[in-house]
Amino acid sequence: MNASLQEDNLFSIKFIIPFLTILFLIIMMVLPYQFKIIDNSMPFLSLIGVYYWSVFKKDLLPISAIFVLGIIQDIILGSPLGLTSLLLIIAQQFIFFQGRNFLERGFLFNFFIFILMIISFGFLSWGISSLYVSAFLGYWEVILQILLTIAFYPIIILILNLATKR
């Protein structure tokens, strides 16, 4: 009976780790930094976390967790409520529909797919935000966000890989 209880605790911890790592990435997005270049263009770190967990540990990140994380990010960043949830869920579902195509390929293939995804994610987010505020928002900020996200991707994936190895 004690072994069963210990197994249940390990099972619940497995599910909380993806949530906490993505929440940590969201917090990293809102911390004040002294770098002028990322003052208004913080990379989409939460998308990197969702991508990682959806590709490499897909059973550990349910849609409900992504929805909650997206709402938290929207509240913290002041984005239209539900926008990030919608975009992160679309990204996760795209990965799920591709199935084994991601896992059977190497890092460069996954990186290329992520680049295509972040470009779509960034401009879709920019377009919906522009519609929401009824104004044409500056697109240079989103381009910088996309480029910064691409630059941070290998670093965060490496850290998540190291953190999840036993």
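Relative to the Cα centre, the charge distribution of the chain, modelled as +1 at Lys and Arg Cβ and -1 at Asp and Glu Cβ, gives a dipole magnitude of about 360 debye.
Across the chain, the convex hull enclosing all Cα atoms gives 130 Å³ per residue. Nearest 10 degrees, 0 to 90: what angle lies between the long axis of helix 107-133 and the longest principal axis of the chain (Cα atoms)? Helix 107-133 sits roughly 50 degrees off the main axis of the chain. Working note: Karplus 6.51/-1.76/1.60 with θ = phi - 60° gives region 64-81 the couplings 4, 5, 5, 4, 4, 4, x, 5, 4, 5, 4, 5, 5, 8, x, 7, x, 4 Hz, where Gly and Pro are set to x. Adding -39500 (n - 2.57) for every DSSP H run of four residues or longer, then dividing by how many residues the chain holds, sets the calculated 222 nm ellipticity at -26500 deg cm²/dmol. Sequence-ordered 3J(HN,Hα) estimates for region 54-61 from the Karplus curve with 6.51, -1.76 and 1.60 and θ = phi - 60° stand at 6, 7, 9, 9, 4, 7, 9, 10 Hz, glycine and proline given as x. How big is the Cα convex hull of region 54-119 in projection, averaged over all directions, in nm²? With every direction weighted equally, the projected area is 4.7 nm².
A short reminder: the numbers here are calculations on the coordinates, not readings from a lab. All values derive from a computational prediction rather than experimental measurement. Ideal geometry is used to build each Cβ from the backbone, glycine not excepted, and the neighbour counts take in all protein chains shown.
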